[in-house]
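There's a structure below that I have some questions on.
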Amino acid sequence: MTAEVDRPEAASSGPGGAPSSPHGPAPSSPHGPAPSPWHHRHLLDVDVLSRAEIELVMRTTDEMRDVLARPIPKVPALRGTSVTILFYEASTRTRVSFEVAAKNLSADVVNIAAASSSVSKGESLVDTVRTIEALGADMLVMRHGVSGAPYLAAEVFGGAVLNGGDGWHAHPSQALLDLYTLRSRLPGGSLEGRKVVILGDVLHSRVARSNVWTLTAMGADLWLCAPSTLLRGFEAWGSRGAAGRRFTVTSDVGAALRDADVVMALRIQRERMASGLLPSLREYAARYGLTQERLRAASPDVIVMHPGPMNEGVEIAADVAVDPRSVITDQVTNGVAVRMALLYLLAGAHGRGSEA
Amino acid sequence: MTGRRIMAAEDVRRATTRISHEIVEKQAGTAGLVLVGIQRRGVPLARRIAQAILEHEGVEVPVGALDITFYRDDLSMVAQQPVVKGTQIPFDLNGRTVVLVDDVLYTGRTIRAAMDALIDFGRPQAIRLAVLVDRGHRELPIRADHVGKNVPTSREETVRVQLEETDGEDAVEIERLPALEAAGEARA
């Protein structure tokens, strides 16, 4: 992918003229710069991303990895941009990852934990978002326990909304960082035809739902494996992956892991036990836990992933988590780079100061 | 659309060679010298200058590539983010003389951004600037140390540098913008 936008002129030059471009004042379209392939004002789910757009995110992430490798891992790209991080659910890695990403781009960051805000006094989501905008936020990174909440926020908010995870629905930045991590580890960087297994609580997992889209879009042979109570609804969905690609849904862990190139274990949320979907954590660990023994059925070079936080000894054995084939810490590091890329790409779409 | 050709392949070659001599002369040798091309056409130009220095001095001068996208002062004004093209500076800049290389010097804003970016990589002893074409209309107090050709232009013109590595042939053309009125209004 080499869409060469050679330092495109500002579509409308502000006072001071067309900055940076040596070639001349900015003509308006149709003679403007070749359009960059990013067209989204918000990122609420990965299902709106074309393969070319996913490639653009991956490529921009490469650049951000380079920035992170510098002695001073900071660039002024988002100087003057205000990013508000609004989390209605507990989170450490995603929230900190977004915060570090925004700071590495020199954005101003405001953190709001819903528990300590006016939300606890009964303020509605819409009012909270309006208040955040009135306080000067250009971008809103949001996590909410209710599926679809960021869509409501996007209707109200004047800037860009980035979904940091909503209910069971979507977790776009996680799916993109998983994809980036896989591509950097797989020989040739391609998922085409690779057997990727998502093992665990698929039913309640926004990570799984977003990954289904990106992994099938990139050509992976995707398998979802869990006890049947945690797969409800996915059998029907199995025929509707990205671009008509199917994925396999099974409760047979042996068949799923056989010759797998990638295994992604998902957290078993303890609070699910109450609902009677699983008899006990011990039984789950015994029948579906990712152990060294089970992993022997997979490809010798299998890549082990986990989006965190882990319940060691339940969905993943402690020695598997720290196995050389595990890329769990890579996922965390890449998470910062991917989120820098997303913030950077979305910052261009807010339309401030341009006629767009 | 083709414009008026102001440099042919031969002119580009001679200008690059002359700049390579000037750089060495000004530095009184090649000690501590590094070249950094600004993406995108500054990079092949920097490589050519390094090749010319290798030919007449027998010294290989390190060449880096600099993408200034993250340092632009107009990111909040563009409708879409420019595609980032990559920075590779695999050497230490501390105490070196860095010659920035670009195709066209115009407002000076690219160079301002490039200097900011360089300084994030270290503390060069000096930063110099070599450009193939200086077309005037500076908006910042910046000048080039080495210029291939000074070309008087109007703001309504555009200077298009083509290089074999990026465009298939070496040439510099000047053309009048067709969307002149629209652009004029946008600037008013």
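The values are calculated or read from the model by the stated rules, or taken from the named source; none is laboratory data. What you see is a predicted model; the values in this text were computed from it and never measured. Every residue, glycine as well, gets a Cβ built from its backbone with ideal geometry; the counts of neighbours run over all protein chains shown.
So that you can scan it fast, the table gives a plain yes or no per residue for (1) of a type outside the set (Val, Ile, Thr); (2) closer than 27 Å to residue A:308 by Cα:
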site: A:90; (1), (2): yes, yes
site: A:95; (1), (2): yes, yes
site: A:112; (1), (2): no, yes
site: A:118; (1), (2): yes, no
site: A:142; (1), (2): yes, yes
site: A:159; (1), (2): yes, no
site: A:162; (1), (2): yes, yes
site: A:174; (1), (2): yes, yes
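Look at residue B:55 and say whether it is of a type in the set (Asp, Glu), without any contact (Cβ under 8 Å) to a residue 24 or more places away in the chain, part of a helix (DSSP H, G or I) and more than 13 Å from residue B:97 (Cβ to Cβ).
yes
Going by the structure shown, is residue A:120 part of a helix (DSSP H, G or I), surrounded by fewer than 15 Cβ atoms within 10 Å (Cβ to Cβ), away from chain B (no Cβ under 13 Å) and small (Gly, Ala, Ser)?
Criteria met by residue A:120.
Out of B:58, B:3, B:37, B:29, report the one residue that is closer than 22 Å to residue B:107 by Cα and surrounded by fewer than 20 Cβ atoms within 10 Å (Cβ to Cβ).
B:3 is the lone residue from the list that is closer than 22 Å to residue B:107 by Cα and surrounded by fewer than 20 Cβ atoms within 10 Å (Cβ to Cβ).
Need at least 3 residues that are surrounded by 15 or more Cβ atoms within 10 Å (Cβ to Cβ), more than 8 Å from chain A (Cβ to nearest Cβ) and in contact with a Cys (Cβ under 7 Å, 6 or more places away or on another chain) per element, so show me which strands (runs of 3 or more DSSP E) inside region B:65-181 make the cut, counting only ones lying wholly within it.
Hits in region B:65-181: none.
Given the criteria within 14 Å of another protein chain (Cβ to nearest Cβ) and either at pLDDT below 95 or crowded, with 22+ Cβ neighbours inside 10 Å (or both), does residue B:19 qualify?
So residue B:19 does not fit the description; no.
Restricted to region A:33-68, and to residues that are modelled with pLDDT under 90 and within 11 Å of chain B (Cβ to nearest Cβ), which residue is farthest from the chain's Cα centre (by Cα)?
Checking each candidate, the answer is A:33.
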